[in-house]
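The values are calculated or read from the model by the stated rules, or taken from the named source; none is laboratory data. Note that the structure is a prediction, hence the values are computed from the model and not measured. No Cβ is skipped: glycine too gets one built from the backbone with ideal geometry, and neighbour counts run over all protein chains shown. In case anyone asks, the SASA skips ligands and DNA or RNA and just uses the protein heavy atoms, side chains included. Shrake-Rupley method; radii C 1.70, N 1.55, O 1.52, S 1.80 Å.
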Amino acid sequence: MSRANTPEDLNAVIRQHSELLAAQLHSQRESLFPPDASKTMRKFTSGEAAALLGVNDSYLRKLHLDGKGPSPEVSSGNRRHYSAEDVHNLRILLEKTARKPGDYLPGRRAGDHLQIIGVMNFKGGSGKTTSSAHLAQRLALKGYRVLAIDLDPQASLTALHGVQPEFDLLDGGTLYDAIRYEDPVPIAQVIRKTYIPNLDLIPGNLELMEFEHETPRALSRGNAGLFFFRVKEALAQVDDRYDVVVIDCPPQLGFLTMSALSAATGVLVTIHPEMLDVMSMSQFLRMTADLMDVIADSGADMSHDWMRYLLTRYEPTDAPQNRIVAFLRTMYGDKVLNAPLLKSTAISDAGLTKQTLYEVERSAFTRTTYDRAIESLNAVNDEIAQLIQKTWGR
């Protein structure tokens, strides 16, 4: 009697599925962003541009009529649209006549140190990558010079910014190249410009796992040195080029996460306010503290400018979530950001085309859905920007 099922090699099935999915994703990208499969940033309405700059729309109109600054694209109905590059050039123009320095270019001044923000949690689905991507883009659009680093081998942040790891990073190009133990390259070699002014990217892929494998071997041979400083030392090479670095950490407490923690000046822990997630976070915090003790015992300074918890995928009408939110706010006080990141179909739908909500047109959604989601994102990211400003003494 023949057997009903024929055994399959699990590794062969997984590899076949991986290659099939990669090919489909590559095909999707080429259909979404023809002809060269590269992303571009959408244009902003005059109202959106004015809001980003913190001025009135009528003032932007006057600048246009007076022939000052970049010329917007004028559509039928005399509606003005500005590119992200136009907004950046307007910032430079307006800063020259600003009432006080930093009104339009809010980045570092003499004596301000680079802000390195580690976004972390080892519970999947906590909104870590979504938070990292929107934070980096919002800060860049608000005039900060930003470097986004994908330290997660799953590379979701990388894919969101139009880089497909399986096809675009065949010869390296991740942070691993700059922190590996043998022949590390200058970090500048792995930094890519993005389609958003002021935002650069160091992409990630599975190659980052090599650091997790090589570090124990280097430690056993005694040539790892203070391995947890490798990210910090690499970033020091480009310290003067950026105001803020946003690191999307891997969802586990390995050597990469320890290195990011050692480099970070600020830590953002994402929390989905469900009981299982909170229980998981309890273990995450305990393990993190233990690891940081080990690093501190090795001579590292583990003081940070700030640490905050960000509530993600929050549903205000969900009574159990509200109880957990109240529990967390009672326990941690102002360590929990005032603004939560709301759960929204708009953010999920934007992700289907590998875009953030800042990149999609408002017309793609119902007005109330879009406005509710974008207001939530802006509130979160602007609160973090205020923390950065406070750290710089402003």
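Every condition in (1) hydrophobic (A, V, I, L, M, F, W, C); (2) assigned to a loop (DSSP other than H, G, I, E, B); (3) crowded, with 19+ Cβ neighbours inside 10 Å is met by Met302 except one, and the failing one is (3).
For Tyr358, the criteria (1) among the hydroxyl-bearing types (Ser, Thr, Tyr); (2) without any contact (Cβ under 8 Å) to a residue 12 or more places away in the chain; (3) part of a loop (DSSP other than H, G, I, E, B) hold in every case but one, which is (2).
Thr130 falls short on exactly one of the conditions (1) over 23 Å from Gln252 (Cα atoms); (2) modelled with pLDDT under 95, and that condition is (1).
Answer with yes or no whether Gln154 is open to solvent by 30 Å² or more (accessible area, probe 1.4 Å) and assigned to a helix (DSSP H, G or I).
So Gln154 fails the test.
When His213 is tested against the conditions (1) within 28 Å of Asp297 (Cα to Cα); (2) open to solvent by 50 Å² or more (accessible area, probe 1.4 Å); (3) in contact (Cβ under 8 Å) with a residue 12 or more places away in the chain, the lone failure is (3). Tell me, please, whether a residue that is at pLDDT 90 or above and either open to solvent by 70 Å² or more (accessible area, probe 1.4 Å) or within 23 Å of the chain's Cα centre (by Cα) (or both) can be found in segment 347-357. Checking segment 347-357: at least one residue is at pLDDT 90 or above and either open to solvent by 70 Å² or more (accessible area, probe 1.4 Å) or within 23 Å of the chain's Cα centre (by Cα) (or both). Scanning segment 175-191 for residues that are at pLDDT 95 or above and either assigned to a loop (DSSP other than H, G, I, E, B) or open to solvent by 30 Å² or more (accessible area, probe 1.4 Å) (or both) returns Leu175, Val185, Pro186, Ala188, Gln189, Ile191. Within segment 71-90, the set of residues being within 15 Å of Leu53 (Cα to Cα) and open to solvent by 30 Å² or more (accessible area, probe 1.4 Å) comprises His81, Glu85, His88, Asn89.
Of all residues in segment 377-394, those satisfying the criterion of being open to solvent by 10 Å² or more (accessible area, probe 1.4 Å) and at pLDDT 90 or above are Asn378, Ala379, Asp382, Glu383, Ala385, Gln386, Leu387, Gln389, Lys390, Thr391, Trp392, Gly393.
Every residue, every condition in (1) in contact (Cβ under 8 Å) with a residue 24 or more places away in the chain; (2) in a helix (DSSP H, G or I); (3) surrounded by fewer than 17 Cβ atoms within 10 Å (Cβ to Cβ), yes or no:
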| residue | (1), (2), (3) |
| --- | --- |
| Ile92 | no, yes, yes |
| Gly143 | yes, no, no |
| Thr158 | yes, yes, no |
| Gly173 | yes, no, no |
